Amino acid sequence: MMRFSDNHGGTRHLLWQQDHGFETIRFDVTVHPSFGRVFKKYPDCQGIGVCDDVFALGPLGQVLLFAAELRNKI
């Protein structure tokens, strides 16, 4: 089970289903702070980042701006 904080300060849990071991955890630890910083800039967006997948919901214009900025950060 993975435990993490979302961009609104809530605690979430996900069942860990990948079998990549330490490399996946190391990747998550390095990129997820970037996800959080970008999500904070777009409070109308809600989302989650799991490994290299990011899902965002919100007004289309905000989600597109979010995606463009995230692409430049990673």
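No lab work stands behind these numbers, since they all come straight from the coordinates. Values in this document were obtained by computation on a predicted structure and should not be read as measured data. Here the Cβ positions follow ideal geometry from the backbone for every residue, glycine too, while neighbour counts run over all protein chains shown.
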Pulled fully out, how much extra length does the chain show between Gln46 and Arg26, if you take 0.36 nm times their separation in residues and subtract their Cα-Cα distance? 4.8 nm
Run the quick spin-label model on Leu64 and Ser5: label points 7 Å from Cα toward the beta carbon, then report their separation in nm to one decimal. 3.3 nm
Order by neighbour count: Cys45, Cys51, fewest other Cβ atoms within 10 Å first, most last. Cys51, Cys45
